[in-house]
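J.: For reference, the structure I am asking about is given below.
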2 protein chains.
Amino acid sequence: MNSHCPSEPTGWQQVLRSGWLSHELSGPFQLRHGASGRARRLLFSQLFQPRNLQAGGEAGWDGRPGEPTCRSQKLMLQAGLIHPASPGCYCYLPPTVRAMEKLIKVMDEEMQAVGGQKLNVPSLSSAELWRASGRWEQMGPELFRLVDRHGKGYCLGPTHEEAVTELVAAQSNLSYKQLPLRLYQVTRKFRDEPKPRFGLLRSREFYMKDMYTFDASKEAAQHTYDLVCDAYCSLFDRLGLPFVKVQAATGSIGGTVSHEFQLPADIGEDRLVLCPDGHFAANVETLNKEQTSCPTCGEKLTQTRGIEVGHTFYLGTKYSSVSNAVFCSPQNKLQLAEMGCYGLGVTRILAASIEVLSTDDSIRWPSLITPYQLCFIPPKRGSEEEEEGAMLLERLYEDLAEVLPHLTGDSVLDDRTQLTIGKRLKDANKLGYPYVVIAGKRVCEDPPVFEVWNQNTSEVLFLTKEGVIELLSKVQVL
Amino acid sequence: MNSHCPSEPTGWQQVLRSGWLSHELSGPFQLRHGASGRARRLLFSQLFQPRNLQAGGEAGWDGRPGEPTCRSQKLMLQAGLIHPASPGCYCYLPPTVRAMEKLIKVMDEEMQAVGGQKLNVPSLSSAELWRASGRWEQMGPELFRLVDRHGKGYCLGPTHEEAVTELVAAQSNLSYKQLPLRLYQVTRKFRDEPKPRFGLLRSREFYMKDMYTFDASKEAAQHTYDLVCDAYCSLFDRLGLPFVKVQAATGSIGGTVSHEFQLPADIGEDRLVLCPDGHFAANVETLNKEQTSCPTCGEKLTQTRGIEVGHTFYLGTKYSSVSNAVFCSPQNKLQLAEMGCYGLGVTRILAASIEVLSTDDSIRWPSLITPYQLCFIPPKRGSEEEEEGAMLLERLYEDLAEVLPHLTGDSVLDDRTQLTIGKRLKDANKLGYPYVVIAGKRVCEDPPVFEVWNQNTSEVLFLTKEGVIELLSKVQVL
C-alpha cells in the first residue's frame, strides 16, 4: 500500500521569478497536511474560471433572443461562476462551489442552533407517495416524472414533505419526549419550470435547504415556527442582505400560515406591499385589491418587487394525517404530529445576493460567503519594483499565514505579471474580492507600504505590513 | 429585522438532575456563536436515529423474502443509520450524514492536494450529449431517462464524462499553460441497477466523487493518473482500510488503462486474483482463464472477493475528440486534451467500511469519519453515584471543551439514566463510538477515576480527569 507524501510548496517568489508555474509540484493549490492545517496558495492563472470580463463580452451566454435577462445572470456568466448546460440547468464553477459551501455552513449553524438535525432524502420519490398526498396530480407539469426499468413511476423531488413525513411515521414508537423533531437537508431539487430564466434565480435544478418539523401540539408547532423564522432572519442579517418577511400564500405546499423572505429588487418576480412604518408586509397575492392601507396603522401601503429567498409554512396535520405520523402523548394516546416546513433557496440566495449587491459590471458578494476574501497583486514583470515587491508580498503572505492561517486558503495571487497592476485591479474589482493587496510603487519605501482596497466600502488604504495584518485580522473565514 | 440571540446552554448536570430535557432551550444541539467556535451538547435521547438494536430486531427491513443481504445493510438499518425509501434508494439519517460530510472533507483534502478544483454539474444531462458519445444506446436500461415538459430527452447522470468534457470544450481559448485541469465534484448519481441490494453497497441513487482531468500530452496524463491513484491510496490509508489496487476492465466508460480500488470482503461482487508476494493484482475479468500464476514472479495467484470502492481510467481522447475539447499548444496548434477520469463511491465507502470493520452485531467505523468520537455515560438514576458522578462528568466535559474544543461537537451524552450503565455501554458498543467515557463506581474515589473504553482496540482504561484529557488529545476530528 502506498503512503502519500505531498510535496513542499514552492514560494510565490520562485513562482514569479521563474515566470513558470510548476503544475507538477503545485497545480493551483498547495496543501500541507498537519496539525497547523492548510496552507494553500491559489494562483489566478491556474483557477478554472473561464472569464470573459471585457465589456459586452457575452460568450457562453445562453439567453435566447428576446429572453429577459438580469444582472446576476450576466455577471455570473461573464465571471466564470456558472456555465449553462441545458435550459435552467447550470454547472457551478469552482468559485460558486466555494461560496455555496460557505453559505451551507452558515445554514448548518443556524439550523443546528434551533435543534436542526441534518439528513439526506433521495431525489427519486415514488409516485405512490405523491398520489397519497394528492400532489401527483396537483403539481402538474412542474414535476419531472420518470419510470424505472420495472415500469414503476417516480418524480424528482422538488420538495420532500411526503418523504420526510413517511420517514417519521415509520418510527413506530415515537414518544412526545422526543419531540420536537426538526429535520433538515441541503440537497438538489428539481422543478420543470415553464420558463426557466435569470440564471440561478429560476432554474430547473437547484439546491435548497428544506426543514420539516414535528411537534406535539399547535402551540409547540407555532413556537417552532417562530424559532425557525428567527433563524432565517439571523441568517440574512449575518449575510448583510436587506430582506423583508411578508405574509404569503401557501400554494401547493398547503397549510394555514405562511411567510416569505424576500430581497427587494426590480427584477423580482413577486409583488409586495409594505407599510412604510414597518407594521405590515405582504405578497400582493394574499390581499384583496381594495386593500391599499396598512391594517394596523392605516398608513398607505407602498409597492415593491422582491426575489423570494425563503418560505415558511405552518402545515398542521395535512401531511402527518396522510402518512399517519403519530406520537405517543403523555396520556399514552396516539396523536398526529403538528408539522411545519421551511425552505431556503441555496443557489438562489447566491444569485440574489449578487443581484442586489453588485453594480452593472462589478460583482459584490456578502463578505461572509465570498469565494475568496483576498487578492494579492504583485508588480508588473519588468517594472522597477518587480523583485523587491514580489519578495515583500511573499513575506507579507508568510507572516499572514503565521498569524491568520485561516486566510491562506481564501487568498488568490494574481500572477498574471505580464499585465499592469491597473489592469489586474480592474479585474479584481469586477470579480469582487473584499480585499485587494497591491505591491505598488510605495512598496519600495522604508518601511514598505502596501496599497489595500476594501472593495465593499470602496476605501483605499496605504498600510505597512503590520497595518495590513491588523486590518485583515477582522476578516471572518468560514 | 430581527436579531438572533441563541440561548445559553444549560449544563448536563441540570439536565440530568431535573430529569427533563429542555427542548425549548436546547433541542439535541446547543450552539454558541462566537470566536471560540461551537460548543454543542448532543443528548442521546434527542438524536433522530430510530434504533432497533435488540438481537433479531429487523424493523424497517426492506429485504424482500429470499433477497441476499449483508452485514453492513443489517447493521445500518438496525442502528438507524439509513431508512429505505424505495428499492435502492435510502434516506441517510443524521449520523450517516455526519460520517459522509467527514469523508467528503478527506476527499476534498486529497483531491486539492493534487490540484483538484471542485465544481458541480447538473444531474439532468441532455440526451443529445449522450447520443454524441454513443452512450445513450450503450448504457441501456441502467440510465434513468425522462422527458421534460417540452418533450426533450434527458438522463440522470450516473457519471459525467460528457458534461465535463463539454464544459472544458466551451472554453474557447484554453492554453497549454492552463493544463493540467483536474476538475472534480461530489454529487448524487443515479443508476437503474437491475438488482439493487446490500443497502448502500449497490443502490440506485448514491453519492460519488468523480474527477475529470485534462492534460497536454500522454506523458502528462499518465503522470496525472499516477498522482490521483496515489491520492486514492493516501485516502484509504488515512481511513485505515485494507485495500488492493487491481488492474481492471474499462467497461462502458472506455479508455485504455484502468484500475479498481477494492476492499477484500466475502460479500464483494468482484472476483480478484492476487500475487501472494504483492507483485500483481487483477480483477479476474481482465484475465484469461489459463492465467493462474503471477506474470512477474511466477507465484501461484490466490483468489479473493472485493467491494469496488474506487475506479480510475486513462481515457486518452475518447471524449475530448467527441466534444472537440482542445487546447492551444506551445507551437500554437490546437490539440485534443488527453483525459482521465476517477471515481470514489462516497456512500459505498461508508457501507463498505462498516462491512469490513464491524462484527456481526457491533458497528466499527474508520476513526477519522465516525459520526461521533465520544460517548459519555453518567450513572444510573437512583444509584449511589448519581449526583457526584453527573457533576464530575459535567466538569470533565467542561474541561475538555476548554482544552479540546473540537471534541465537544463530536460528543454524545447518553442521558437515558433510567438504564443501567451496562445496558448503555452495550448499546455504545453496538453503535461503535471510538471512545466511551463512563462515570462508574470508581468516580467517587479521590481523585475520581473514569472508565474509558477504546472500542476500536477493545481496551479499557481507568483514568483520572487529566488522564482522560491526555488520551483524548490524540483524537482527530474533521
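The values are calculated or read from the model by the stated rules, or taken from the named source; none is laboratory data. A quick note: this is a predicted structure, and the numbers were derived from the prediction, not measured. Please note: Cβ atoms are built from the backbone with ideal geometry, for glycine as well, and neighbour counts cover all protein chains shown. Keep in mind that these areas ignore ligands, DNA and RNA; they rest on the heavy atoms of the full protein, side chains included. Shrake-Rupley method; radii C 1.70, N 1.55, O 1.52, S 1.80 Å.
J.: Would you list A:425, A:374 from the most to the least accessible area, probe 1.4 Å?
T.: Ranked list, largest accessible area first: A:425, A:374.
J.: Could you tell me which residue out of B:44, B:76, B:359 lies farthest along the dipole of chain B toward its positive end? Charges go on the beta carbon: Lys and Arg +1, Asp and Glu -1, centred on the Cα centre.
T.: The Cα lying farthest towards the positive end belongs to B:76.
J.: Rounded to the nearest 20 Debye, what is the dipole magnitude of region B:96-357 about its Cα centre when Lys and Arg each give +1 and Asp and Glu each give -1 at the C-beta?
T.: Rounded to the nearest 20 debye, it is 600 debye.
J.: Can I ask one more? So how far, in whole Å, is the C-alpha centre of region A:342-405 from the one of region B:156-211?
T.: 29 Å
J.: For chain A, compute the orientation-averaged projected area of the C-alpha convex hull (one quarter of its surface), in nm².
T.: Taking a quarter of the hull surface, the average projection is 29.1 nm².
J.: Solvent-accessible area of residue B:460, probe 1.4 Å, all protein chains present, reported in Å² to the nearest ten, please.
T.: Near enough 60 Å² of accessible area.
J.: Cross-link candidates for residue A:195: which aspartates and glutamates have Cα within less than 17 Å, leaving aside residues fewer than 8 places away along the same chain?
T.: Here the aspartates and glutamates satisfying the reach criterion relative to residue A:195 are A:62, A:67, A:142, A:205, A:269, A:270, A:308, B:148.
J.: Given labels modelled 7 Å from the Cα in the Cβ direction, how far is it in nm from residue A:53 to residue A:454?
T.: 2.2 nm
J.: Quick one: which of A:218/A:318; A:74/A:209; B:105/B:209 span more than 19 angstrom between C-alpha atoms?
T.: Exceeds cut-off: A:74/A:209.
J.: Report the Cα-based extents of the protein assembly as shown along its three principal axes, largest first, to the nearest Å.
T.: 93, 80, 65
J.: Per q in 0.11, 0.15, 0.19 Å⁻¹, report the Debye log10 I(q)/I(0) for region B:360-478, using one uniform scatterer on each alpha carbon and no solvent.
T.: The computed values of log10 I(q)/I(0) come out as -0.32, -0.61, -1.00.
J.: When the gyration tensor of region A:266-368 is built from Cα positions, what are the square roots of 5 times its three eigenvalues, in whole Å, from largest to smallest?
T.: 36, 24, 11
J.: So the label point sits 7 Å from Cα along the Cα-to-Cβ vector; using that for residue A:332, what distances do you get to the other copies, in nanometres, sorted shortest first?
T.: 9.0
J.: Counting helices only, and only those DSSP H runs with n ≥ 4, report the 222 nm mean residue ellipticity of chain B as the sum of -39,500 (n - 2.57) divided by its residues, in deg cm²/dmol to the nearest 500.
T.: Details: 12 runs with 130 residues, N = 478.
Result for chain B: -8000 deg cm²/dmol, rounded to the nearest 500.
J.: Pull up the cross-link candidates among the lysines for residue B:380, meaning alpha carbon to alpha carbon under 27 Å and not fewer than 8 places away within one chain.
T.: Here the lysines satisfying the reach criterion relative to residue B:380 are A:177, B:423, B:426, B:430, B:441, B:465.
J.: May I ask you to report, in nm to one decimal and beginning with the shortest, the distances from residue A:287 to the same position in the other copies, taking label points 7 Å along Cα-to-Cβ?
T.: Sorted ascending, the copy-to-copy spacings read 7.7 nm.
J.: Further, regarding this structure: Rank A:83, A:223 by accessible area, highest first, at a 1.4 Å probe radius? Spell out each step's value before the answer.
T.: Numbers: A:83 40, A:223 70 Å².
Sorted descending by solvent-accessible area, the residues read A:223, A:83.
J.: At a Förster distance of 25 Å, what's the computed FRET efficiency of residue B:104 paired with residue A:476, Cβ-Cβ distance as r, to 0.05?
T.: Once rounded, the FRET efficiency stands at 0.65.
J.: Just need log10 I(q)/I(0) for region A:258-313 at q = 0.16 Å⁻¹, Debye formula, equal scatterers on the alpha-carbon atoms, no solvent, rounded to two decimals.
T.: Taken in order of the listed q values, log10 I(q)/I(0) reads -0.45.
J.: Would you mind computing, in nm to one decimal, how far apart the modelled labels at residue B:131 and residue A:444 are, each placed 7 Å from Cα along Cα→Cβ?
T.: So the two model labels end up 6.4 nm from each other.
J.: Order B:206, A:261, most accessible first, counting only protein heavy atoms with a 1.4 angstrom probe.
T.: Working: B:206 30, A:261 0 Å².
Ranking B:206, A:261 by accessible area, largest first, yields B:206, A:261.
J.: Under a crude label model (7 Å from the Cα following the beta-carbon direction), how far is residue B:287 from residue A:302 in nanometres?
T.: Going from the residue B:287 label point to the residue A:302 one covers 7.8 nm.
J.: Take the rotation relating chain B to chain A, measure from its axis to every Cβ in chain B, and name the nearest residue with the distance in whole Å.
T.: B:146, 2
J.: Taking only the alpha-carbon positions of region B:420-471 and ignoring solvent, what does the Debye formula give for the base-10 log of I(q)/I(0) at q = 0.18, 0.31 Å⁻¹?
T.: Taking Cα atoms of region B:420-471 as identical point scatterers yields -0.55, -1.22.
J.: With the cut-off at 21 Å, report for region B:331-420 the share of all Cα pairs above it, as a whole percent. Could you put the intermediate results ahead of the total?
T.: Values: 2364 of 4005 pairs.
Taking all Cα-Cα pairs of region B:331-420, the fraction more than 21 Å apart is 59 percent.
J.: Within 10 Å of each candidate Cβ there may be at most 10 other Cβ atoms; applying that plus a DSSP loop requirement, which trypsin sites (Lys or Arg not before Pro) in region A:438-478 survive?
T.: A:474
J.: Distances from residue A:361 to the same residue in each other copy, label points 7 Å out along Cα→Cβ, in nm, shortest first?
T.: When each copy's label point is compared with this one, the spacings are 7.3 nm.
J.: Only four residue types carry charge here, +1 at the Cβ of Lys and Arg and -1 at the Cβ of Asp and Glu. Report the dipole size of chain B about the Cα centre in Debye, rounded to the nearest 20.
T.: Charge dipole, chain B, about its Cα centre: 1040 debye, nearest 20.
J.: So, taking all protein chains as they sit and a 1.4 Å probe, how much accessible area belongs to residue A:361, in Å² rounded to tens?
T.: 90 Å²
J.: Expressed as a whole percent, how much of the Cα-Cα distance distribution for region B:338-377 exceeds 10 Å?
T.: Of the Cα pairs, 77 percent sit more than 10 Å apart.
J.: Dimensions of region B:96-357 along principal axes (Cα, Å, largest first)?
T.: So the extents along the principal axes, rounded to whole Å, are 51, 47, 38.
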